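Working notes, beginning with the structure itself.
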Amino acid sequence: MATLGAASVGEGDAALPGLRPPSREIVVPDLDSMVRWHAHAYPHPLARWHTHPEVEIHLIRSGTGLAFVGDHVGAFAPGHLTLIGSHLPHNWISDLAPGESIPGRDVVLQVHPDSLRELTRLAPDALEAVRLVDSAARGLEYFGGTAAAGARALERIGASTGVERLHHLFGLFAVLSRCPPHERRELSGVGAAAATEPVAQARINTALDFITEHLTE
């Protein structure tokens with residue numbers, strides 16, 4: 001585990017992992033797109049231990065800290081790119097000095113897996129994207145050239161609309177689904193159901209309580 005130094009708990013960390021079960025985030029759909037893309041600072045109300053049915057592709061632009069995905073805890077730095085499966089709890093806690101904030105720390109893309117499955121009825125070509133999101137049930141982290149290419153594609157999605165956005169979206173899916181095995185790893189030892197099951201959650205909470213209480217060490 002990485003040492004965080006003088007870490008502080010910001011307003012977005014009010015529901016730290018280990019202090020309560022993950023909150024349910026309601027993802028407000030973008031009526032002009034099949035995906036929701038947004039960037040936000042840290043601390044931020046969205047930066048908390050939470051879960052949602054949408055699959056999430058998440059990029060850290062700046063800052064260091066700890067990533068919590070299911071029962072996984074690991075260090076993150078700029079360029080940290082992950083694919084989080086449906087209903088899998090997650091959060092990223094940055095190393096901050098008192099009063100510090102990180103503008104534009106996160107880039108987030110969320111898409112409901114049912115939307116992709118529905119798309120395959122008209123466009124069977126999209127089945128590769130469905131297989132990708134299904135493979136992320138325990139969370140995936142990407143490295144090397146895949147992470148760099150994925151980050152570029154994710155940023156392009158945010159800067160585009162219409163057919164151009166779809167072009168970049170499926171370009172991102174292609175990059176992640178065709179990733180060499182050595183440039184990705186599975187994160188959580190358990191899936192979404194086990195991560196939120198009371199007995200398993202109690203065990204996870206014990207470990208995360210210790211980490212939370214010893215951030216400055």
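The values are calculated or read from the model by the stated rules, or taken from the named source; none is laboratory data. Treat the numbers as computed from the prediction; the structure is a model and nothing was measured. Neighbour counts are summed over all protein chains in view; Cβ atoms, including those assigned to glycine, are modelled from backbone coordinates with ideal geometry. Note: areas computed on protein heavy atoms with side chains; ligands, DNA, RNA excluded. Shrake-Rupley method; radii C 1.70, N 1.55, O 1.52, S 1.80 Å.
The figures follow:
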| read-out | value |
| --- | --- |
| Selected residue (only one of ALA137, ALA129, ALA123 is without any contact (Cβ under 8 Å) to a residue 60 or more places away in the chain and touching a Phe, Trp or Tyr at 6+ places or on another chain (Cβ under 9 Å)) | ALA129 |
| Enumeration of residues in the range 2-35 that are touching a Pro at 6+ places or on another chain (Cβ under 6 Å) and either modelled with pLDDT of 50 or more or assigned to a loop (DSSP other than H, G, I, E, B) (or both) | SER8, GLY10, PRO22 |
| Set HIS50, HIS40, HIS80: member being touching an Asp or Glu at 6+ places or on another chain (Cβ under 6 Å) and under 24 Å from HIS168 (Cα atoms) | HIS40 |
| Filtered residues of the range 100-134 (kept if out of contact with any strand residue (DSSP E or B) (no Cβ under 8 Å at 6 or more places or on another chain) and either of a type outside the set (A, V, I, L, M, F, W, C) or under 17 Å from ALA77 (Cα atoms) (or both)) | GLU100, ASP114, SER115, ARG117, GLU118, THR120, ARG121, PRO124, ASP125, GLU128, ARG131, ASP134 |
| Residues (open to solvent by 40 Å² or more (accessible area, probe 1.4 Å), of a type in the set (A, V, I, L, M, F, W, C) and in contact (Cβ under 8 Å) with a residue 40 or more places away in the chain) located in the range 64-99 | VAL73, ALA75, ALA97 |
